[in-house]
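Notes follow the structure.
The values are calculated or read from the model by the stated rules, or taken from the named source; none is laboratory data. All of these numbers come straight from a predicted model, not from anything done at the bench. For neighbour counting, all protein chains shown are included, and Cβ atoms are generated from backbone atoms with ideal geometry for every residue, glycine included.
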Number of protein chains: 2
Amino acid sequence: MNAGNLARALFAPDSVALVGASADAAKPGGRPLRYLQRHGFKGRIFPINPRVDRIGGLTCHANLRSVPEPIDHAFIMLSGDAVMTALHDCAEAGVACATILAGGFAEAGGAGHGRQAELLRIAAEGGVRLLGPNSIGMINPAAGATLSANAMLDLPELSTGRTAVVSQSGSMVGALLSHGEARHVGFSKLVSVGNEADLSVGEVGDLLLDDDATDVILLFLETIRKREMFAAFARRAHQVGKPVIAYKLGRSSVGQELARSHTGAIAGTDQAVAAFLAHNGIARVDTIDGLIEAPRLFSDRAPGHGNRVAVVSTTGGGGAMVVDNLGLRGIDVVRVPAPVREQLANHGIGTDDARMIDLTMAGARPEIVRETITGLMAAEQTDAVIMVVGSSAKFHPELAVEPLFHWRGAAKPFAVFLAPDADASLARLAKAGIAVFRTPEACADAMHAALAWRAPGQASKISDAVAPDRPRLAAGHALNERDALALFAALGIETARSGLAENTEQARNIAKQIGAPVVLKIASAEILHKSDIGAVRVGLENADDITAVFNEIVSNAKAMAPTAHIDGVLVQEMAAGVGQVLLGYKIDPLVGPSVVLGVGGVLTEIYRDSALRLAPVGYDDAMAMIEEVRGLAPLRGYRGAKRGDLPCLARAIVNFSELAGRRDIHEAEINPLIVREDGRGIVAVDGLVLGAPGSSA
Amino acid sequence: MNAGNLARALFAPDSVALVGASADAAKPGGRPLRYLQRHGFKGRIFPINPRVDRIGGLTCHANLRSVPEPIDHAFIMLSGDAVMTALHDCAEAGVACATILAGGFAEAGGAGHGRQAELLRIAAEGGVRLLGPNSIGMINPAAGATLSANAMLDLPELSTGRTAVVSQSGSMVGALLSHGEARHVGFSKLVSVGNEADLSVGEVGDLLLDDDATDVILLFLETIRKREMFAAFARRAHQVGKPVIAYKLGRSSVGQELARSHTGAIAGTDQAVAAFLAHNGIARVDTIDGLIEAPRLFSDRAPGHGNRVAVVSTTGGGGAMVVDNLGLRGIDVVRVPAPVREQLANHGIGTDDARMIDLTMAGARPEIVRETITGLMAAEQTDAVIMVVGSSAKFHPELAVEPLFHWRGAAKPFAVFLAPDADASLARLAKAGIAVFRTPEACADAMHAALAWRAPGQASKISDAVAPDRPRLAAGHALNERDALALFAALGIETARSGLAENTEQARNIAKQIGAPVVLKIASAEILHKSDIGAVRVGLENADDITAVFNEIVSNAKAMAPTAHIDGVLVQEMAAGVGQVLLGYKIDPLVGPSVVLGVGGVLTEIYRDSALRLAPVGYDDAMAMIEEVRGLAPLRGYRGAKRGDLPCLARAIVNFSELAGRRDIHEAEINPLIVREDGRGIVAVDGLVLGAPGSSA
């Protein structure tokens, strides 16, 4: 089935079957028919129930096979084995698309996985595309196609709008629908993807990119499934100019745990998810109000704004709340630009050097508000403008907010925060396509999301691009330190000079070549924590010490790790610098190949202080990672510290991230990576490379 | 005037004068009369305006003195010098209380300070209590006493309720009023305190403690003025059982800057403000919705709950959002307690070990919801319960929320989050006195505030309790290191053994007594950063070194600080431990005497990682400070590190905080304070003590 046909069957079917329809309109199985009829579905509806003749004025069929005409979309409300039977019937009847309401599949764990695999097999063999299982259904308000059991469809009517929702949570579809209504925001489509056994967020999202009724796509996420399809959708969204905005559960560890138990899927760390979303050009909000209210801040605008926001207010306290919340999110709230200050002075309005223009006294004069915003929009010091409206929004919407309609679709994001509860103004602004917010928190959250929104980076993918002719690292195996360092060197990362000594004489000779002082470490791919077992010694100056320490290290290693294969002792230069970092790589089960940078040691853990990006990482992103790690402030010259060679560190990050070109490598680490003074480069001192988990793992 | 008479004049006057009343009802000066008449004010109203005969059907007087009867409360809407004249008239006419609307006083800076002092002088001499200046007025909805120009009073009617608002922002009074109406929350009183020239948050709050119509007091704060009165009010609030909940602007640095420019007052660091609020038993929310919706979570409950919350939900996604937001705020979201799990199993409802009870399938059955909440309320594993209601809240409020009325006033905090927009349920719950929230963020914020709420600590005050007979430290002066350490020793803090040497021979003798190795440092109260000028040397073992270093240090100090008076060289033991901290004390201009604990050095700054409390600090609070500093994790035994002597460190914090008993000491620091292994104590190695800023500062 091509995408166009799938989209039609999924979103705008001409004929639908309600499998397991109930004659009791109060039961979940009775709802969809009632909803379809209430919301004016124009297509043909076939209730399927062998025990009833007619439901809702329509003839009931015993099963799908007995329906006399083709069905585009079947909504299966049965549970247990009856789901399988119904899906078989769909296949036989040539149904294009089936939505499965029931749970008890992969999200339930255990035998649920097998049941879901069975569903998928039946669907694939029968050429039926599947939404769910565990999906509350699909709602297309404009077509009255409310193929869903969601109780929120009891609403007397549904607004339509140009924002689509794709949700992994079924119950949130109803919540979003009701909040949209209350905020005068309608939707083009709402889709509950459930377990994504077949149709995933990525594939549904991709269909919406070709949907003429949709401008912006909102995602409510619990996890990330089918990440490559997901990423491809998000990247194509930029090509077609449709912003994608996500809310993701699992920012806290208890939230991650719950998402895992709720979906049966990996929740992933929030840091990894954030990197995935950012890398693929998906904007992210942290508040649910922000998600609902953000779309108009994005529509008709390209990504990549600066971080400077001007705030104008007709209420001191309301404006100050917005400024404070912007500041908390790291947004640069600008002082009044000089030209705007002059404009205002011409009206006798003095502005001090504050980070807000308080028009309280001039509040009721729309022409001043308009002139001020025009000035701010034109000012080169601003990247976005927020207007905060006080009590006039409550009683004089025509004066207070109509002048603001002008900035619909302006190049710089423009948002309005209404300090009082003021529904008439909210409605007018929403209908005029202006982003309007009810709380300072949601306003700052959405503005932050809009300004942080960027075009996607280079596609992240595991490939075999790097040295495809090289020997592969077998599953369950690791490289010893010397081979690991050689691999990093092959990627273009400077490594500490070293040599592998099999006996004390070799050790002394290598040390002589390198020059004192040197470090001696056991060389074994099977000993990962060398220091802990006394198999590392630093600062060795003379030949006698080297001989003695060689023997000591080998004997310690043999005593503490009697089964490990020992390759010898690594003799290495003692590298010194102005700081050091830890650079890690892994194929994250949720988001794929990724690189992490931290200070290393206990501080990285205590302060959760690291930067993570999907691999491969570009140079600018590598520099951004270095900026992000707070503990690297001294390397950035904080308080007069000697600056490290950050450009060289950034290049090392870029090079290291090319491990994504080695499908056989699942994890790697350089720790420490010594950073020398600016201009003097970096040097990798110790490292680790692991293959795929072994079969025993 | 006693408090009762003041409260009556301020909140429930029998007679009011509107000074500067305008006949144009659209102008701010025309509003109060219109509002008083609209909202049914029963007292007598006297408009004052020499240019008009009648306004709103009432006789207009030329000035206050010509009003034939006593005035309780005058609302002065004039500006400029006319304010002074009107206040003089108030004094002459025996007006009890005057509210001044005009700005341009202390908040404007410069000459505004003088004008405000003049106001205050006139009021004090005339026996008039003052609200403002820069106050939008006072609203008492039950009495229809809307003595305010706030445009929100155009509302057709005002709900009444048992929550009072005291706001430093005038415009927020209207915003809170409108949001309260939209959430079915009425207020008992709303007071804009403006610049607090006379009546302050503390004094107005204190009056509300005796107000029979008020159960809970909300504060909207930009700064803290008259802190001792403020603290006294907050502490008495606990005695009378009225919770005080604050929202404070200035969590971000731009917010602090704006608050400063907006109020003309010091904003203070957020950390200091947080310490002040917590110390005085004031709960604090971070979201404005949280402020409006929190009161019912506090009313009828004592402070001091644990941190364990149970979440029950009839919507998976909605419940998960609450759990996630609770987790972000450090709340312990509990797993289903065994007895509740058994109860549910009896109904055939399986609960896995998740941190939420998902009753989606049983959602429509009120008896199960009720039984589950009853079980959770009774469980010893929980300190509070949150119920999340899904779509049933929208269409079946009677089924969905009426069973929840039962937990009004329950001993454990009980909150409801409505996942959909569901105004009918919101109204029912609000009217039934149940805390109900519209966003997961506000719900988690308010719950966090309720659980973190504690009874006040020991009153914080600067006194002369410690050694009142000792010589005072003069303004502009500092103690040298030796005297500083002696002061700390006198407070009961162990200090490094040391002696002051005036020559090399004394230095060698002292070193001999102490035992090698020793440290030599310049001793001068005028050299604060000894290390920077080469005037500290550590690890000296023998007499020759001591002689050489003594001379070197003295010559470095003379070269680098030629005008400093040098007392000699301090010879000190080299103390070693398992870690070290910085302990600081200062009289903060906003919150008063306070103690700060950090790791010291660059990390404390980079990670903003310190704990702050008002002084004096009790032992439990000192232990809590140690827990709070993330960088002290190794001292707490993180990852197998040797534990430090934390009880001894806590006692040192307690002792150090007694500096609040020395009015002459404005700042002090022990840096470093070495922490030895558990059981071996602590030792102060270096310190600093400063008097009040000098006249040149």
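Structural remarks
- Test: residue B:264 is out of contact with any strand residue (DSSP E or B) (no Cβ under 8 Å at 6 or more places or on another chain) and either within 12 Å of chain A (Cβ to nearest Cβ) or surrounded by 24 or more Cβ atoms within 10 Å (Cβ to Cβ) (or both): yes
- Just so you know, in the stretch A:145-162 the residues that are over 15 Å from residue A:185 (Cα atoms) and surrounded by fewer than 19 Cβ atoms within 10 Å (Cβ to Cβ) include one that is nearest to the other protein chains (Cβ to nearest Cβ), and it is A:154.
- Elements of the type helices (runs of 4 or more DSSP H) sitting completely within the stretch A:1-94 and holding at least 3 residues that are without any contact (Cβ under 8 Å) to a residue 40 or more places away in the chain and within 37 Å of the chain's Cα centre (by Cα): these cover A:81-93.
- The stretch B:458-487: number of residues that are buried (at least 19 other Cβ atoms within 10 Å of the Cβ) and within 19 Å of the chain's Cα centre (by Cα): 1
- Listed by first and then second residue, the pairs linking a residue in the stretch A:97-108 that is over 14 Å from residue A:29 (Cα atoms) to a residue that is of a type in the set (Val, Ile, Thr), with Cβ atoms under 8 Å apart and 6 or more places separating them unless they lie on different chains, are A:97/A:128; A:98/A:76; A:98/A:128; A:107/A:263.
- Output for the stretch B:215-256, where each listed residue is within 14 Å of chain A (Cβ to nearest Cβ), in a helix (DSSP H, G or I) and either crowded, with 21+ Cβ neighbours inside 10 Å or touching a strand residue (DSSP E or B) at 6+ places or on another chain (Cβ under 9 Å) (or both): B:254, B:255, B:256
- Filter pass, residue B:133 being touching a strand residue (DSSP E or B) at 6+ places or on another chain (Cβ under 6 Å) and either away from chain A (no Cβ under 13 Å) or at negative phi (or both): yes
- Condition check for residue B:314: at pLDDT below 95, surrounded by 24 or more Cβ atoms within 10 Å (Cβ to Cβ) and of a type outside the set (A, V, I, L, M, F, W, C): yes
- Test result for residue A:474, modelled with pLDDT of 95 or more and either away from chain B (no Cβ under 12 Å) or touching a strand residue (DSSP E or B) at 6+ places or on another chain (Cβ under 7 Å) (or both): no
- Counting only residues that are assigned to a loop (DSSP other than H, G, I, E, B) and crowded, with 22+ Cβ neighbours inside 10 Å, the stretch A:269-280 holds 1 of them.
- Residue B:564 being touching a residue at least 12 places away in the same chain (Cβ under 8 Å) and either of a type in the set (S, T, N, Q) or not assigned by TED's automatic domain parsing to the domain that holds residue B:487 (or both): yes
- Test for residue B:158: is it more than 20 Å from residue B:431 (Cβ to Cβ), assigned by TED's automatic domain parsing to the domain that holds residue B:124 and either in contact (Cβ under 8 Å) with a residue 40 or more places away in the chain or within 19 Å of the chain's Cα centre (by Cα) (or both): no
- For the stretch B:163-176, a tally of residues being under 17 Å from residue A:440 (Cβ atoms) and more than 8 Å from chain A (Cβ to nearest Cβ) returns 3.
- Checking B:661, B:600, B:579 one by one, the residue that is away from every other protein chain (no Cβ under 14 Å) and in contact (Cβ under 8 Å) with a residue 60 or more places away in the chain is B:661 and no other.
- Selected residue (criterion: farthest from residue B:162 (Cα to Cα)) from residues of the stretch B:281-295 that are in a helix (DSSP H, G or I) and of a type in the set (A, V, I, L, M, F, W, C): B:288
- Taken over the stretch A:417-446, the residue count meeting the criterion of being closer than 12 Å to residue A:290 by Cβ and more than 14 Å from chain B (Cβ to nearest Cβ) is 1.
- Test: residue in the stretch B:130-142 that is more than 19 Å from residue B:193 (Cβ to Cβ) and hydrophobic (A, V, I, L, M, F, W, C): yes
- Only one of the numbered conditions (1) under 26 Å from residue A:271 (Cβ atoms); (2) surrounded by fewer than 24 Cβ atoms within 10 Å (Cβ to Cβ) is not met by residue A:186, and that is (1).
- When residue B:278 is tested against (1) under 16 Å from residue A:355 (Cβ atoms); (2) of a type in the set (A, V, I, L, M); (3) at pLDDT 95 or above, exactly one condition is not met: (1).
- Subset of the stretch B:43-65 that is loosely packed, with under 15 Cβ neighbours inside 10 Å and in contact with a helix residue (DSSP H, G or I) (Cβ under 9 Å, 6 or more places away or on another chain) - its residue that is nearest to residue B:149 (Cα to Cα): B:57
- The stretch B:343-357: number of residues that are at pLDDT 90 or above and closer than 24 Å to residue A:259 by Cα: 5
- For the stretch B:435-546, the helices (runs of 4 or more DSSP H) that sit wholly inside it and include 1 or more residues that are of a type in the set (Ser, Thr, Tyr) are B:504-514.
- Taking the stretch A:296-414 as the region of interest, the helices (runs of 4 or more DSSP H) fully inside it that hold 2 or more residues being in contact (Cβ under 8 Å) with a residue 12 or more places away in the chain, more than 10 Å from chain B (Cβ to nearest Cβ) and not aromatic (Phe, Trp, Tyr) are A:338-346, A:366-378, A:397-400.
- Of everything in the stretch A:618-654 that is crowded, with 20+ Cβ neighbours inside 10 Å and over 23 Å from residue A:605 (Cβ atoms), the residue that is farthest from the other protein chains (Cβ to nearest Cβ) is A:654.
- Test: residue in the stretch A:451-465 that is within 14 Å of chain B (Cβ to nearest Cβ), out of contact with any strand residue (DSSP E or B) (no Cβ under 6 Å at 6 or more places or on another chain) and of a type in the set (Lys, Arg): no
- Filter pass, residue A:209 being touching a strand residue (DSSP E or B) at 6+ places or on another chain (Cβ under 9 Å), of a type in the set (A, V, I, L, M) and surrounded by 23 or more Cβ atoms within 10 Å (Cβ to Cβ): no
- Residue match in the stretch A:486-506 (condition: at pLDDT below 95, basic (Lys, Arg) and over 27 Å from residue A:676 (Cβ atoms)): no
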